[in-house]
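The values are calculated or read from the model by the stated rules, or taken from the named source; none is laboratory data. Given the structure is predicted, the values throughout are model-derived calculations rather than measurements. So basically every Cβ, Gly included, is an ideal-geometry build from the backbone, and we count neighbours across all protein chains shown. Just the protein is used for accessible areas: all its heavy atoms, side chains included, with ligands, DNA and RNA removed. Shrake-Rupley method; radii C 1.70, N 1.55, O 1.52, S 1.80 Å.
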Amino acid sequence: MISVADLLTNNRVPGNYFATDVYVRSDLELGLLENRRGDRLLALPETLIQAIYAGLDKETGQAARLVLFNCGRWWGKNFYSRFREELTDYYGQPLADMSMAEFLQCLQQCWITHGWGKFEFDPTYQSRGFLVIQTFNSPFATLAPQGQRPVCHLEAGILSAFFSQLTGKELHCVQTQCESLGADSNRFVLGLTKRVEPAAVMVDQQLTHEAIMDRLCA
């Protein structure tokens, strides 16, 4: 928590670090995007994301799922490191000392500011050893080719690595619901690998998210 002494010393009240209007800075003359620390940001055009999906599908076929998931794992690991460093520097306290409300607010705003849609944490199954993440308006779902199963493999990899780093446990992630299939949101379930892996088979069987969670918790 932030003490009165800290406020008197630093002469500022820390706000929302990832607020879009202060986090993203641009230089139109140089064509650069940077965050508030001066780190470079990369804008991904929709056509590039679509081309990545198409290229991977042509070159690797069904293995594209694994390629995207592993790319997401690498991305998520680095994303967590930057997220932790930026918040620690800004708020003057380790990430582990932040309250859950503060942490979630920062992560939700970070997700929006980076253009990944809206992020929500569902605590319904937390006591059973599962984390459920819900996202809305995901570009990864919107721009992916239509299919018969969820398509946000990159996001699943990001979430897997991010929460593995956060919890200190190796967590796996399976997407159980997808906007590309007409759902109102994307849902991801995280947990220990042996407990979560069966969900992938249930997804192939086209079970609903609720039915999958009921079976995982049985």
Given [x] 19.8; [y] 18.7; [z] 17.2, which label gives Kirkwood radius over Cα pairs in Å as computed from the coordinates?
[y]
To the nearest 10 degrees, how steep is helix 153-167 against the longest Cα principal axis of the chain, on a 0 to 90 scale?
50 degrees
Accessible carbon and sulfur surface of the chain relative to its total accessible area, %, 1.4 Å
53 percent
Given a 1.4 Å probe and heavy atoms of the protein chains only, how would you sort Glu210, Glu179, largest accessible area at the top?
Glu210, Glu179
Simple SL model, points at 7 angstrom along Cα→Cβ for Thr167 and Ser81; separation in nm is 2.3 nm
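Please give the per residue accessible area of the range 59-218, computed with a probe of 1.4 Å over protein heavy atoms only, in Å².
With the other protein chains kept in place, the range 59-218 gives 48 Å² per residue.
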Förster radius 30 Å - calculated FRET efficiency between Trp74 and Gln105, Cβ distance, rounded to 0.05:
0.70
Alpha-carbon centroid distance for the pair the range 153-218 / the range 64-126, whole angstrom
17 Å
Out of Pro139, Pro150, Pro123, a Gaussian network model of the chain with alpha-carbon springs under 10 Å gives the largest mean-square fluctuation to Pro123
Treating only the Cβ atoms of Lys and Arg (+1) and Asp and Glu (-1) as charged, compute the dipole magnitude of the chain about its Cα centre; round to the nearest 20 debye.
500 debye
Return one quarter of the surface area of the convex hull spanned by the alpha-carbon atoms of the range 94-218, equal to its mean projected area, in nm².
7.6 nm²
So the angle from the long Cα axis of helix 64-91 to the longest Cα principal axis of the chain, reported in degrees to the nearest 10, equals 20 degrees
May I ask you to list the residues of the range 189-218 whose amide nitrogen lies under 14 Å from a point 7 Å from Cα along the Cα→beta-carbon direction of Phe121?
190
Taking the Cα of Glu197, stepping 7 Å toward and past its beta carbon, and measuring to each backbone N in the range 112-130: which are under 20 Å?
129-130
Testing the spin-label approximation: label points 7 Å from Cα along Cα→Cβ at Glu59 and Gln134. State their distance in nm.
3.7 nm
Relative contact order (percent, whole number), the chain, Cα cutoff 8 Å, 6+ residue spacing:
18 percent
